[in-house]
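Read through the structure below, which is laid out as structure tokens, and then see the notes.
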There are 4 protein chains.
Amino acid sequence: MTIPELSQPQYGLQNVHFERVRFGDTDAAGIVYYANFYRWFEAGRSELMRASGVPYASIVSEGLFMPVVESWCKYRTPARYDDNLKIISWVAELKAATIVIAHEIYVGDRLVCKGGARLACVDDTGRVRRIHPSIRDIVERALS
Amino acid sequence: MTIPELSQPQYGLQNVHFERVRFGDTDAAGIVYYANFYRWFEAGRSELMRASGVPYASIVSEGLFMPVVESWCKYRTPARYDDNLKIISWVAELKAATIVIAHEIYVGDRLVCKGGARLACVDDTGRVRRIHPSIRDIVERALS
Amino acid sequence: MTIPELSQPQYGLQNVHFERVRFGDTDAAGIVYYANFYRWFEAGRSELMRASGVPYASIVSEGLFMPVVESWCKYRTPARYDDNLKIISWVAELKAATIVIAHEIYVGDRLVCKGGARLACVDDTGRVRRIHPSIRDIVERALS
Amino acid sequence: MTIPELSQPQYGLQNVHFERVRFGDTDAAGIVYYANFYRWFEAGRSELMRASGVPYASIVSEGLFMPVVESWCKYRTPARYDDNLKIISWVAELKAATIVIAHEIYVGDRLVCKGGARLACVDDTGRVRRIHPSIRDIVERALS
């Protein structure tokens with residue numbers, strides 16, 4: 001498993017949105033449970049796609065899904081109840097059949113974690129498909 | 001909203017199974033987060049149906065779903081990390097279009113919570129259907 | 001278990017906020033999993049308290065917690081991926097040792113569910129305490 | 001981020017346990033939501049530690065926590081409602097301040113995913129500590 005470059009790009013398409021830490025996101029250590037950051041990564045992907053003009057809901061409505069084939073996260077500092085998480089999301093890699101969307105999550109200026117997911121594209125029979133052209137167009141435009 | 005009788009029946013069909021409290025089930029108060037008991041209620045319903053010979057998966061495979069139309073829970077004492085939850089489940093009510101499945105959750109002899117859910121039955125177009133005959137048969141046999 | 005009046009009050013303190021349905025909130029029936037609404041109820045309580053000037057984090061920082069002693073929800077229509085949930089929250093009842101916070105969740109004008117929770121107040125040794133005076137003041141002012 | 005060797009060891013300490021996929025674990029694509037496997041990884045870690053004679057609860061009761069500093073997962077085939085997940089867990093690496101616990105999850109003979117987490121050890125003030133001697137002893141005995 002090769003983890004693609006996770007550093008935030010200096011230019012190009014990226015999206016920032018905020019999510020509040022709820023009590024149910026924390027655990028008995030008093031901090032956010034490690035698996036829950038992956039839910040915010042999904043929120044970040046979803047908001048990145050919406051902001052780019054290709055909401056994931058429109059992909060789903062064409063009978064396509066984008067299953068995660070790899071995911072990873074590096075935790076730097078804890079997040080706590082009521083923290084206002086700043087989630088930065090960007091496309092870190094685009095290949096024929098997979099796309100990597102990466103994230104950094106901050107509380108204020110403090111880095112909480114960084115990570116991402118590699119997604120494929122399948123139709124409703126489960127057959128692998130090329131990444132949707134609308135997504136490809138946007139990414140290529142952004143990176144060109 | 002009328003909450004049906006939640007007391008554990010003295011006789012008839014009931015199912016007992018165990019679930020371990022994981023760290024991710026707890027919150028920053030050091031106890032199980034209140035919403036997570038509803039996940040174990042679902043586990044209890046699922047195991048009750050399997051034990052009764054009508055696994056929920058077989059209902060789903062006929063294109064039917066049993067959406068929850070009401071749910072409730074009364075919390076008595078906290079559950080903590082690594083507690084071994086004893087989940088007792090039974091049918092508390094059966095009507096033409098809805099079924100109530102109730103639960104008590106214990107740690108050892110200590111009651112943690114009691115609650116349940118009223119479920120309807122819908123087909124894959126979302127149309128309301130009568131409760132599946134296999135379920136009805138089992139409940140009626142158990143209560144007769 | 002007596003379910004307090006859940007109808008939205010015609011006047012007085014209430015709070016509205018929005019949450020987006022994420023993929024992880026849905027289940028294999030294609031709709032929001034029933035337990036997840038309780039997480040949004042918690043978000044609603046939290047935002048109601050913040051808007052009222054007594055954020056729950058300030059209660060916690062005094063070594064107090066407000067455990068849920070009862071919760072309930074009545075589901076009317078499904079919510080789906082990417083729906084923008086409008087969560088209305090208000091104090092439905094205030095007694096010496098418990099407070100009921102109720103909610104209605106809408107997608108547009110369509111009611112998705114209504115429900116709530118009764119909360120107590122305990123200190124960090126688990127001993128029951130009266131509802132925090134700051135909360136009492138706000139509610140009494142709002143209802144007077 | 002260097003992902004340690006994830007291949008299942010041919011010998012030495014490993015633990016197998018089972019978890020049932022519940023409806024709440026699935027998403028609208030009809031399969032298990034990607035973040036939920038991390039909850040089962042935690043269950044796997046927990047059961048591995050219990051089976052090794054050092055339950056995580058005993059670590060916590062000494063005022064220590066083992067926060068996750070990295071996590072990763074490679075998804076091969078989907079898991080679905082009611083699948084009986086076989087979770088294999090083992091220690092993949094032990095250093096002075098971190099331990100890597102890796103997992104493979106199967107449904108029958110079919111590999112669903114593989115992944116793991118690197119954990120550190122901190123005391124209740126958040127200060128980094130060496131991995132607990134009881135854990136070290138067990139791992140070194142197992143690998144010797």
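All of the numbers you see were taken from the coordinates with simple rules; none came from a lab. Everything numeric here is computed off the predicted structure, so don't read it as measured data. Cβ coordinates were reconstructed from backbone atoms using ideal geometry, including for glycine residues, and neighbour counts include every protein chain displayed.
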For chain B, the longest site-free run once trypsin sites (Lys or Arg not before Pro) in DSSP loop states with at most 14 other Cβ atoms within 10 Å are removed: B:1-75
If you put +1 on each Lys and Arg Cβ and -1 on each Asp and Glu Cβ, how big is the dipole of the protein assembly as shown around its Cα centre, in Debye rounded to 20? 0
For residues of D:50-62, the mean tally of beta carbons on other chains within 10 Å: 2
Quick one: check the C-alpha center-to-center distance for the range C:75-91 versus the range B:51-115, whole angstrom. 24
Which residues make up the longest stretch of chain A clear of GluC sites (Glu not before Pro) that lie in a DSSP loop with no more than 12 other Cβ atoms within 10 Å, not counting the sites? A:63-144
Tally Lys and Arg at +1 and Asp and Glu at -1 over the other residues with C-beta under 9 Å from the C-beta of C:Ser89: what net charge comes out? -1
If the reach is capped at under 13 angstrom between alpha carbons, list the aspartates and glutamates near B:Lys86, excluding any in the same chain fewer than eight residues apart. B:Glu19, B:Glu47, B:Glu104, B:Asp109
What are the principal axis extents of the Cα atoms in the range B:14-143, in Å, biggest first? 42, 30, 22
In straight Cα distance, which aspartates and glutamates are under 19 Å from D:Lys95, not counting same-chain residues fewer than 8 positions off? D:Glu5, D:Glu70, D:Asp123, D:Asp137, D:Glu140
Rg/Rh for the range A:15-67, where both radii come from Cα atoms and Rh is the Kirkwood radius: 1.10
Note the angle between two axes, namely the Cα long axis of helix A:36-51 and the longest principal axis of the Cα atoms of chain A, as a number of degrees from 0 to 90, rounded to the nearest 10. 50
Nearest-0.05 FRET efficiency for B:Thr77 and D:Arg110 at R0 = 35 Å, using Cβ-Cβ distance, is 0.30
Between the modelled labels at C:Arg130 and D:Arg129 (7 Å from Cα along Cα→Cβ) the distance in nm is 4.1
Along each principal axis of its Cα atoms, how long is the range C:52-123 end to end? Whole angstroms, biggest number first, please. 38, 21, 19
Between helix D:133-143 and chain D: long-axis angle, C-alpha atoms, 0 to 90°, nearest 10: 60
If you line up the Cα atoms of the protein assembly as shown on their principal axes, what length do they span on each, largest first, in Å? 56, 53, 53
Tell me the mean residue ellipticity at 222 nm calculated for chain D from its helices only (DSSP H runs of n ≥ 4, each -39500 (n - 2.57), averaged over every residue, nearest 500). -6500 deg cm²/dmol
